[in-house]
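Everything on this sheet refers to the single structure shown next.
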Amino acid sequence: MDKEGLNSYQGEMPLKDKIVRSIYSQAEETVGFAVRFEEGGSDWDRKLDDILTSPVWGFPIMLLLLGIILWITISGANVPSDILADFFFELEGKLTGYVMLLGLPAWFNGLFVVGAYRTLAWVVSVMLPPMAIFFPLFTLLEDLGYLPRVAFNLDRVFKACGSHGKQALTMCMGFGCNAAGVISCRIIDSPRERLIAILTNNFTFCNGRFPTLIALSLIFMGGLSKTGGEVRATFVVVGMVLTGIIVTLLVSYVLSKTLLKGTPSSFILELPPYRLPRVGSVLVRSILDRTIFVLTRAVLIALPAGAVIWLMVNINVGDKTLLSQGAEFLQPFAALIGLDGYILMAFILGFPANEIVLPILIMAYMSWGEMSDLGSMQAMGELFIEHGWTWTTALCTMLFSMLHFPCGTTLYTIAKETKSVKWTVLAFALPTFVAIVVCFIVNQSIGLFWR
């Protein structure tokens, strides 16, 4: 670009962009005078950036790395998850024996062992292995300096949707916890674009939904022990992540053209240098700050929730339990979107935390089914199939899990960040509407073309 063209371009730039451009130009000029590079010197980081941030190779490499991380997580989580489940349910039998030995009433064993403890057992056995694998791998990419390259690649995509490039960073934060992703939206200066990022952060799959996606993909798409099942399950989970990103972009675009109109602002992102990961720091941050923190929160919610669900499946009103009445009421609507009444009830009752949706559903099915215990993922699949599940049910459940309303913690965080009842209600209603529409279209389309 010639000098006249550059001056013309700078005349159209915002003041802050002109200032940053001037600073970097002066820095480059100073470096040109003061620094000399030897011929044949190492320039590997710039060459690597040419590939990782390339318009051609940047996105395929992002998907490949995500797929590898998810494949390692899925492959590595299945066996320890089954081992933990066997351990916890063997311990449940001993706890029941102690209760009987002490002569405590049956309701005590039901409320505290079958209700609270069993829910806790499923939360720990299903959540802990995948989190203990995924978080260190994800933190490793963060420590290597790759995540800012992801934001760089997605900047132009988010800008095209009328939102801010920094939304890519807040979306990455949402992979750990949507509440943390909402808080990270503070890095966006524009109130309009910050609101768009807050309202769409829920479409990023968080750790609470992670075990549900892995379990259902392994059971119904991966075929558990069948050859190549883990690879198929990985493709399905990657597809769910891509679905969340696509929905994030589409909803961001719609919001920027309707409720939150405006011109997207630009931002300056200085890519940090690559560095060798600090293994000790990675393990501490991923295991203690993320895995243990999230698991502790899930356990604290699962214990009382399990007791409440046991009461709902054991208190009769007329000839039906409270849970059965709720499920039957929701059944006609749930069937339209590829679910059943019990699945929809599990999502509603799992509002405090996404981690407890599967345990609630298992307890609801077992309350009137023939199975009295679950010791593996294989048994979970048999339980679901016994109650009429197909791969369509699993797919719609996964989509609903990806797109539905935020958990209680995230919604509370949104209320604190926006200080607005209107935006908090919209943050609940918008993803719920999107989840219903997407599941309805998918279920009806499958019914039309595959039946």
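Nothing in this text is a laboratory measurement; each read-out follows from the coordinates by a stated rule. A quick note: this is a predicted structure, and the numbers were derived from the prediction, not measured. Neighbour counts run over all protein chains shown; Cβ positions are idealised from the backbone, glycine included.
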Relative contact order of the chain, please, whole-number percent, based on alpha carbon pairs below 8 angstrom and at least 6 residues apart. 19 percent
Sort 406-413, 97-104 for me by packing, meaning the mean count of neighbouring Cβ atoms within 10 Å per residue, highest on top. 406-413, 97-104
Rg over Rh, two decimals, the chain (C-alpha only, Kirkwood Rh): 1.03
How big is the dipole moment of the range 319-442 about its Cα centre under a simple scheme where the beta carbon of each Lys and Arg is +1, that of each Asp and Glu is -1, and everything else is neutral? Debye, nearest 20, please. 720 debye
Putting +1 on Lys and Arg Cβ atoms and -1 on Asp and Glu Cβ atoms, find which of VAL35, PRO406, PRO55 reaches farthest to the positive end of the dipole of the chain. PRO406
Past 31 Å, Cα to Cα: identify those pairs from LYS261/LYS419; LYS320/LYS422; LYS18/LYS419; LYS320/LYS419; LYS166/LYS422; LYS47/LYS261, in the order given. LYS320/LYS422; LYS18/LYS419; LYS320/LYS419; LYS47/LYS261
Scattering profile of the range 311-429 from the Debye formula, Cα beads only, expressed as log10 I(q)/I(0) at q = 0.12, 0.16, 0.19 Å⁻¹, is -0.50, -0.83, -1.07
Grab the DSSP H runs of the chain that are 4 residues or longer, score each as -39,500 (n - 2.57), total them, divide by all residues and round the 222 nm result to the nearest 500 deg cm²/dmol. -22500 deg cm²/dmol
Applying the span-like rule to the chain (DSSP H, Cα extent along axis at least 24 Å, Kyte-Doolittle mean at least 0.0) gives 58-101, 118-144, 229-257, 293-314, 421-450
In debye to the nearest 20, how big a dipole does the chain give about its Cα centre with +1 on each Lys and Arg Cβ and -1 on each Asp and Glu Cβ? 1020 debye
Eigenvalues of the alpha-carbon gyration tensor of the range 376-451, times 5 and square-rooted, give semi-axes in Å, largest first, of 32, 18, 6
Measuring from its Cα centre, the range 76-170 shows a charge dipole (+1 at each Lys and Arg Cβ, -1 at each Asp and Glu Cβ) which, in debye to the nearest 20, is 440 debye
What is the extension gain from ASP43 to SER445, computed as 0.36 nm multiplied by their sequence separation minus the C-alpha to C-alpha distance, in nm to one decimal? 139.5 nm
When the expected Rg is taken as 2.2 N^0.38 Å, what fraction or multiple of it is the alpha-carbon Rg of the range 152-233? 1.38
